[in-house]
2 protein chains.
Amino acid sequence: MKIIRTINEMKQIVNEANNKTIGFVPTMGFLHEGHLSLVKEAKKENDFVVTSIFVNPLQFGPNEDFDEYPRDEEQDANHAKQAGVDVLFIPAMEEMYPKKMGIKIIVEEGTDVLCGRSRPGHFDGVGTVLTKLFHIVQPNNTYFGLKDAQQYAVVHHLIEQLNFPVKINGLPTVREQDGLAKSSRNVYLSDIERQEAIFLYESLQYAQKRVVDGIENPDIIIKEVTNMLQEKTSGKIDYVELLSYPALQQISTITEPIIIAIAVQFTQARLIDNILLQPNGTKIDRL
Amino acid sequence: MKIIRTINEMKQIVNEANNKTIGFVPTMGFLHEGHLSLVKEAKKENDFVVTSIFVNPLQFGPNEDFDEYPRDEEQDANHAKQAGVDVLFIPAMEEMYPKKMGIKIIVEEGTDVLCGRSRPGHFDGVGTVLTKLFHIVQPNNTYFGLKDAQQYAVVHHLIEQLNFPVKINGLPTVREQDGLAKSSRNVYLSDIERQEAIFLYESLQYAQKRVVDGIENPDIIIKEVTNMLQEKTSGKIDYVELLSYPALQQISTITEPIIIAIAVQFTQARLIDNILLQPNGTKIDRL
């Protein structure tokens, strides 16, 4: 595995790749099983895999944890190598933003719902850094986890509306045995909260069952999921939303693919989870 | 020469081009000698040349002439073929913007000077459509005329700051025998105005001479050019500006490459012209 730190070297490797297909997994590092499942899938479907590690300041708000965001380059390099990464691209800040950006990507669609509502400008920063990274790495395929379903949806819009020559792939949320979505934040749960946390996914599975049963009114589903979370967990519900997917629009009847997404604040950890469904309730695992 | 109207067909041609180099000349059609000089240069430097014709609504203001913008596809196709275009890409509006864009490119640098000052949002529209076109055509080289020096500068920023894998080339302004910059608008000049119009370029050449003489204070040059234009033409001066280039910043001393740019409103035609100089006064013809 090569570790590359400059844009010029990265572009040179891409130019020399010629007719090989490139799979790209952009990350902010601190790689866990979720990232590595993306790498493994990318490895299967492409001639070689580039993973980037860049903690992108543009996507952090003024009160967010950019400085405290966890970094462990040595461990990341080990994980990446084992998972099959061919090129690990780790540009420094000055390499990606040598001066104040005079050009910006603004994402106006699908950002005022779910987690985006409380993070104004977050997806502009995501769009800007991904535009740069896609131009540098020139991948055929790029891979995102569906755990962050809003991010997948926004990147899907970005690629589609700006005609990037890149195919986006959304891969299933990686879960613990009991269904809890894997997250580096799970370690901050108390023992009791960890027991309760399984009800995030349980409530989503119950919602799926209700859609299969033929419930077409989003309000009913939202209410039932909210009730279950309130009953079964001590966490504070941040949101329970049911939206069209990937357009992320409010709907009054379930007649197209949907997302049901939840966020629950526990004492030390805010957990998110979601499920994607066809209008008949069939689960969508991969996009 | 192939005429292509869909993005999918255009992308397919690009994919099949493999290791051939692609030169790209984006235009809004109504091709004249200026455009064709770009095509001819692109032809020399690349294996094949794509020219696009798309009158981009996003770069027109609400009071500008989008509907009246001249269009003549048949004549354009003839000109393009003769100049050596291999693929003429003419997408319809619905092909480029099938729905309202939820993603935008915002250009914050180099837009509040020269012609951009009176066209808010113009370069956002230029940046957005070029991003789409670069992704569709995937050129190695793209060609712009230096007559529209601000556009060249903005596209230069766009490519540099977003790391597009594209090299931008700026080609010399094409001029009449007497030095007047070629423009489709020249036909709207009266006979007397046409005589006067040569003083646009004459004043710029005089400015060059003054920089060669060692004048380092922009204000002196601006004043002398303004005086000459006022004396020698009946037009109304819109602006005379001297800025760093391509950053387009105000400067107090000439110590880096500069642009001296002018715009003069005649009865029926607004003419623009410019000259690019090294700090010692040497003319920059190509970028």
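Each value in this text was obtained by applying a stated rule to the coordinates, not by laboratory testing. Everything numeric here is computed off the predicted structure, so don't read it as measured data. All Cβ positions, even for glycine, are placed from backbone atoms using ideal geometry, and neighbour counts span all protein chains on display.
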### Query
In percent, how large is the relative contact order of chain A, given Cα pairs closer than 8 Å and 6 or more residues apart?
16 percent
### Task
Mind running the shape call on segment A:2-171? Use the C-alpha gyration tensor, a ≥ b ≥ c as the square roots of the eigenvalues: rounded below 1.5 for a/c, prolate if a/b tops b/c, oblate otherwise.
rounded
### Query
At A:T226 and A:N140, where each label point lies 7 Å from the Cα along Cα→Cβ, what is the point-to-point distance in nanometres?
4.7 nm
#### Entry: Simple label model, 7 Å out from Cα along Cβ direction - A:R175 to B:N19, nm
4.9 nm
### Message
Just to confirm the numbers: A:Q268, label point 7 angstrom along the Cα-Cβ line, distances to the other copies in nm, shortest first?
### Response
7.9
### Message
Please arrange A:H79, B:H156 by how many other C-beta atoms lie within 10 Å of their C-beta, fewest to most.
### Response
B:H156, A:H79
### Task
Report, for A:R185, each distance to the same residue's label point in the other copies, shortest first and in nm; define the point 7 Å along Cα→Cβ.
5.5
### Query
Across 20 Å bins from the origin, how do the percents of Cα pairs in the protein assembly as shown run, short distances first?
18, 45, 27, 9, 0
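If you take every DSSP beta bridge fully contained in chain B, what fraction is antiparallel? Give it as a percent rounded to 5.
Within chain B, antiparallel bridges account for around 50 percent of the total.
Can you tell me the relative contact order of segment A:2-171? Whole percent, Cα pairs under 8 Å, sequence separation 6 or more.
Relative contact order comes out at 29 percent.
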### Query
So for A:I106, B:I237, fewest C-beta neighbours within 10 Å to most, what's the order?
B:I237, A:I106
## Note on the structure
Copies of A:R117 compared via label points 7 Å along Cα→Cβ give distances in nm, shortest first, of 4.4
### Query
Just from its helices, what would the mean residue ellipticity at 222 nm be for the protein assembly as shown, if runs of 4 or more DSSP H residues each count -39500 (n - 2.57) and the sum is divided by every residue, rounded to the nearest 500 deg cm²/dmol?
-11500 deg cm²/dmol
### Task
State, as an integer percentage, the relative contact order of segment B:155-218 based on alpha-carbon contacts under 8 Å between residues 6 or more apart.
20 percent
### Task
Output the antiparallel fraction of DSSP beta bridges having both residues in the protein assembly as shown, as a percent to the nearest 5.
55 percent
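Based only on other Cβ atoms within 10 Å, what is the fewest-to-most ordering of A:V225, A:V129?
A:V129, A:V225
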### Query
What's the Kirkwood radius of segment B:184-277 in Å, using all Cα pairs?
13.5 Å
### Message
How far apart, in nanometres, would the label points at B:I284 and A:R117 be if each is projected 7 angstrom from Cα along the Cα-to-Cβ direction?
### Response
5.0 nm
### Summary
Row for segment B:7-65, column shape: gyration tensor on C-alpha, a ≥ b ≥ c, rounded if a/c < 1.5 i.e. under 1.5, prolate if a/b over b/c, else oblate; value oblate
